[in-house]
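Everything below concerns the one structure shown next.
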Amino acid sequence: MPTENKFLFRIMKSFLEDFDQKSGYKFTVHHRVMTTLFENSLSGYKIDRFEDFNKDTFKKQLLFFKQMIEEYNPVGKHEAYPFLAMFYRSIDDIYLEENGERLFNSFYFNSDLFTHILYQKSLEEGYEVVNTNGIGDYPECDKWFVVADLNKSGTHIGNINNSFMNFEKVHNIEFREDLKDYIWKSDLTYRGTYNQFYVLVDFLNQAEIYYQDELKVLTLKPSLTVSDKLLGSSEVKPFSNRFLIFYHASLISNEKYNDKTTKSRIGIIRSYLKHIQRKYSITMLSIDQFSSIQIENKGGIPIPSEDFTEIQKEFTRRVKNKEDETLLIVLQLSIETKLRHGEILGLERDCVVSIDESGEFGTIKYYSKTSGRKYKTEVFMIEHIRLIERALKLTQAIYEKADSPLKKYIFICSHYYLDNKVIKLKDRFNRLFKEICKNLYDQEKISLQYSPNNLRDTYIERAWQMVEDGLISTLEVGVITGNTAGVAAKHYRDRENTKRYVEALYEVSILDDELQGEIVDIESVKDLPPVQHGAGNCASESCIKVELDEDSFYKCLTCKKFVTTIERSSYFEEKMKVYKKNKENSTSVAERNFYSGLMELYGSYLSKMYSIKEGENEH
């Protein structure tokens, strides 16, 4: 490198000596050119010490080399950034070794950030690094590079995705500022915040188009301004009831979205409407009308034992180093404990709180998907505690060289090319699991291509099968899985096992005959008289409703005119508990058989409800 700057020459020489050995890259012609012109790329900056390098010099050099390479050789345009990032990482490491602290230690410029794949785009396209902490005023810039802050209390390693938010995509400037305020103050996960952003951009742009169209039309033809009970006031304003009804209808009718996507979008928009409700005088009735839809939860996809055996064998076969063994431990904990695989990957190094005196159990703390930003505790068998302790040992060397917030986690690994950069293990586990399942499926060794989420389905399915087989009680399974019967049926369990599960839960045989009554949607029963203290409704116009004794419970539920809805499932669950208790306290065979029959009847309805259970409306 031609230079008279001795300091620059010394650090560049040190960097180049290590480049071939540690980077995993070959030294190319482009690298030689960048080395030769390195001092030129710093034109305007005086570099005499480490502290003279910063975010501004990094950006200046990146844009210099990018323009040069694109102009003379577009083929090598991707080589400038990794070369520059590795140089800055190198001097950061040297500074740490000499001074005991990082040279680049700001949240807005540090070695973990500028070696991130998205940081290059942020510099080249004019994004500003933003830490959405909700304190003070939101940043004025329109292009945010939202970087996850692991030092924020309760931030989960599984949700530390960095993302771009270009508020220029919102055409109305006032709407744009409203969205910034909402994102800034939202207390969601980083992934959740980004999902909300891109949904709301479309919503706000459509609101602006609708508003402008109304201004044009109603200005030209004032006679069209008519008040309506459904559509609301004729006043032309943003987010009018007319627009909300229009947009809600367009979401539901959009064939590109499945029911789950539509439900999610409606929920996001309802939340945003509440945020801007006062500013734009949006009535609560309007927000309530922007209601969610009901969707059918088809249950989970448990992995059959023969398929899981093949997956586990392949994981084990691939164990060749410490990282491979750590990945195998994640698999084992995912299938043998109640924690979701994301919760396992988010375990911190001090997660083991205690081990009981018998040495058979231990208590851990962790962040749950449903606990927000608060720790939950869970009791593990000692075998699982030992697996966690083994993972701690396997990742000890990585922990010792880490100096980022990631070092507090157990399941971490080294970057492929930057040996001293620590990254989360989650992506590698997910990628490996899917790769193994795809290969086994292609070889016809397993029946489906599974995802890591199916490990949770499998654990819960196995636990409930233990109930069905009489190995544990329903009280124990709630503790083991962390789910109620309804939640398990709705989200995790195989639908084919619903009947068996209700039978095991209430210790009753479910009728194989078709139900005489019918389970319908809630709108169908709105104007029908209730029967059986709210169990359902009667669709007969001639029947005289008499419910003076429990015999009528049989008559109604075995009548073809009896209708009920899945929203009544909690009533049926409660009745099953009452009848079960009455059966246990029966003083005669006849009384016992009477309550057994009621349980069979009510259980048949409950089983059918679980099988067609739909998502609750969001309010």
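The values are calculated or read from the model by the stated rules, or taken from the named source; none is laboratory data. Only a predicted model underlies this, so the values are computations on that prediction, with no experimental measurement involved. Here the Cβ is made from the backbone with ideal geometry for all residues, glycine too, and neighbour counts use every protein chain on show. Accessible surface is based on the protein model in full, side chains and every heavy atom, while ligands, DNA and RNA are left aside. Shrake-Rupley method; radii C 1.70, N 1.55, O 1.52, S 1.80 Å.
Assorted remarks:
- In summary, F308 fulfils each of the numbered conditions (1) at pLDDT below 85; (2) under 26 Å from A207 (Cα atoms) with the single exception of condition (2).
- Subset of segment 288-305 that is among the aliphatic types (A, V, I, L, M) and surrounded by fewer than 18 Cβ atoms within 10 Å (Cβ to Cβ) - its residue that is modelled with the lowest pLDDT: I295
- Picking from residues in segment 579-605 that are assigned to a helix (DSSP H, G or I) and open to solvent by 60 Å² or more (accessible area, probe 1.4 Å), the one that is farthest from P530 (Cα to Cα) is V589.
- Close Cβ contacts (under 7 Å, 6 or more residues apart or on different chains) running from residues in segment 230-243 that are closer than 20 Å to D202 by Cβ and open to solvent by less than 70 Å² (accessible area, probe 1.4 Å) to residues that are assigned to a loop (DSSP other than H, G, I, E, B) and at pLDDT below 85 comprise N241/L231; R242/L231.
- Condition check for R89 on (1) open to solvent by 20 Å² or more (accessible area, probe 1.4 Å); (2) at pLDDT 85 or above: one failure, at (1).
- Those residues of segment 423-460 which are aromatic (F, W, Y), at pLDDT 85 or above and in contact with an Asp or Glu (Cβ under 8 Å, 6 or more places away or on another chain), in sequence order: Y450
- I11 meets each of the listed conditions (1) β-branched (V, I, T); (2) at pLDDT 90 or above; (3) open to solvent by 30 Å² or more (accessible area, probe 1.4 Å) apart from (3).
- Within segment 130-147, tally of residues that are assigned to a strand (DSSP E or B) and open to solvent by 20 Å² or more (accessible area, probe 1.4 Å): 1
- Exactly one residue out of E567, E573 is modelled with pLDDT of 75 or more, open to solvent by 50 Å² or more (accessible area, probe 1.4 Å), within 37 Å of the chain's Cα centre (by Cα) and of a type in the set (D, E), and it is E567.
- Which listed residue is modelled with pLDDT of 55 or more and more than 30 Å from P304 (Cβ to Cβ), from L548, L505, L557, L511: L557
- One residue alone among I398, I388, I412 is at pLDDT 80 or above, over 19 Å from H341 (Cα atoms) and of a type in the set (V, I, T), and that residue is I398.
- Matching helices (runs of 4 or more DSSP H) fully within segment 333-434 where at least 2 residues are within 25 Å of F308 (Cβ to Cβ): 341-345, 382-394
- Condition check for T587: at pLDDT 75 or above, β-branched (V, I, T) and closer than 21 Å to Y610 by Cα: no
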